[in-house]
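This report refers to the structure that appears directly beneath it.
The values are calculated or read from the model by the stated rules, or taken from the named source; none is laboratory data. Being a predicted model, the structure only gives us computed values, none of them experimental. Backbone-built Cβ (ideal geometry, glycine too); neighbour counts: all protein chains shown. These area figures cover heavy atoms from the full protein model, side chains too; ligands, DNA and RNA do not enter into them. Shrake-Rupley method; radii C 1.70, N 1.55, O 1.52, S 1.80 Å.
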Amino acid sequence: MSYQGLTPPRSTITIRPHEAAAAVPLLARRDHAEPSVFQPEVLLREARKQKNLTDGAVPEICVLDPDGDLVDYVRAVHAAAPSRCWGCFHTDLWEWESDGQRFGIVGRAVGASFAVLVAEQLFVSGCKLLISIASAGEISTRLPKPCYMLIERALRDEGTSYHYLPPEPFIAADTGLLDLLASAAPAGIALRRGTSWTTDAPFRETAASIAERRAQGVHTVEMEAAALLAFAKARAKPVICIAHITNALGQGEGDFKKGKDHGATTALLLVEAFASRFAARSDRHLFPDVAQREI
């Protein structure tokens with residue numbers, strides 16, 4: 001074998017199957033409770049200097065919109081404007097106001113690692129509730145399309161969540177927050193609750209893996225929820241993940257139809273209803289899971 005100028009390996013390391021889990025950094029790390037050396041506050045501080053941005057807080061209610069349709073809608077209909085204090089190097093934050101409530105939204109942050117990178121920065125910038133609304137694929141064949149689902153728990157088939165919490169198959173959303181917001185859904189919007197499969201590789205959803213997920217009771221598949229929920233639990237932050245189930249993984253003609261205005265009008269109704277209910281919350285009583293972690 002020719003290494004074409006590269007130094008050949010000195011030895012070959014063989015890892016036996018039973019040793020594989022311990023050898024994988026994601027599964028082997030045990031420092032979840034330790035603080036990170038690199039903090040989001042530092043990144044934002046330096047970004048603001050470089051961009052000549054003013055100090056200030058982002059809106060308390062923020063939205064992650066991986067597809068970008070809701071961003072386009074609030075810019076066109078509600079004259080959403082760029083934030084003057086959002087220092088993130090990788091994204092734009094758009095702000096608008098409705099019924100006296102300020103909202104912020106970041107679009108096209110696709111995937112687990114990108115979503116959590118943005119979430120970390122939003123919460124140190126003034127966000128109090130983060131709502132993720134992501135297009136999702138159908139795993140359960142009993143769901144109408146399109147429909148919306150509050151994700152109660154997510155299967156951790158991605159990498160980011162393992163940097164925040166020790167290994168376990170599923171991560172659950174905060175039940176108090178779920179119950180509060182589920183009861184706020186506007187009339188006429190069928191908001192289901194269920195289990196999602198979060199994957200880093202949407203084009204590796206094989207027939208075998210889909211069958212396995214169905215056997216596990218999974219309803220839908222997307223790319224962000226498990227990581228966001230792990231971040232939320234580790235950091236004791238209110239995060240809600242909504243799957244906008246729009247497709248059967250490309251198996252039918254006319255798949256990926258999201259509804260009126262690409263689903264933006266319905267998604268915005270949910271966001272506004274959740275914001276109104278959240279604004280009237282009592283942290284100590286409505287979020288016992290979070291309060292327990294903060295003590």
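Which of Gly87, Pro144, Val124 sits farthest toward the positive end of the charge dipole of the chain, with +1 on the Cβ of Lys and Arg and -1 on the Cβ of Asp and Glu? Ranked along the dipole, the leading option is Val124. Contact order, relative form, for region 100-214: 32 percent (alpha carbon pairs under 8 Å, 6 or more residues apart, mean separation divided by residue count). Indicate the helices, whole DSSP H runs only, in the chain that combine a mean Kyte-Doolittle hydropathy of 0.5 or more with a Cα extent along their long axis of 18 angstrom or more. Membrane-span-like by this criterion, though nothing is claimed about a membrane: 264-279.
Treating each Cα of region 98-237 as an identical point scatterer and summing with the Debye formula, the log10 of I(q)/I(0) at q = 0.15 Å⁻¹ comes to -0.77.
Stretched out straight at 0.36 nm per residue, the stretch from His78 to Ala215 would grow longer than its current Cα-Cα span by 45.0 nm.
Summed over qualifying helices (DSSP H, 4 residues or more, each -39500 (n - 2.57)) and divided by its residue number, the chain shows a 222 nm mean residue ellipticity of -9500 deg cm²/dmol.
Region 91-157 and region 170-245 have their alpha-carbon centroids 11 Å apart. Computed with a 1.4 Å probe over protein heavy atoms only, the accessible surface of the chain comes to 52 Å² per residue. Surface composition of the chain: carbon plus sulfur atoms contribute 52% of the solvent-accessible area (1.4 Å probe, protein chains only, all chains present). Across region 146-261, the relative contact order, built from alpha-carbon pairs under 8 Å that are at least six residues apart, equals 38 percent.
Taking Cα centre as origin and charging only the Cβ of basic (Lys, Arg, +1) and acidic (Asp, Glu, -1) residues, the dipole magnitude of region 35-187 rounds to 300 debye. When each of the peptides 152-165, 91-104 is scored by how many other beta carbons lie within 10 Å of its residues on average, the order from highest to lowest is 152-165, 91-104. I need the calculated FRET efficiency for the pair Thr54 and Arg235, taking r as the beta carbon distance and R₀ as 25 Å, to the nearest 0.05. Given R0 = 25 Å and the Cβ-Cβ separation, E is 0.45.
DSSP beta bridges confined to the chain are antiparallel in about 35 percent of cases. Once C-alpha pairs closer than 8 Å and six or more residues apart are averaged by separation and normalised to the residue number of the chain, the relative contact order reads 21 percent. Percent of C-alpha pairs per 5 Å bin in the chain, short distances first: 1, 5, 11, 15, 17, 16, 13, 9, 6, 3, 2, 1, 1, 0. If you wrap region 90-137 in the convex hull of its Cα atoms and look at it from every side, the mean projected area works out to 4.0 nm². Gyration tensor over the Cα atoms of region 32-129: the corresponding equivalent ellipsoid has semi-axes (square roots of 5 times the eigenvalues, largest first) of 23, 16, 13 Å.
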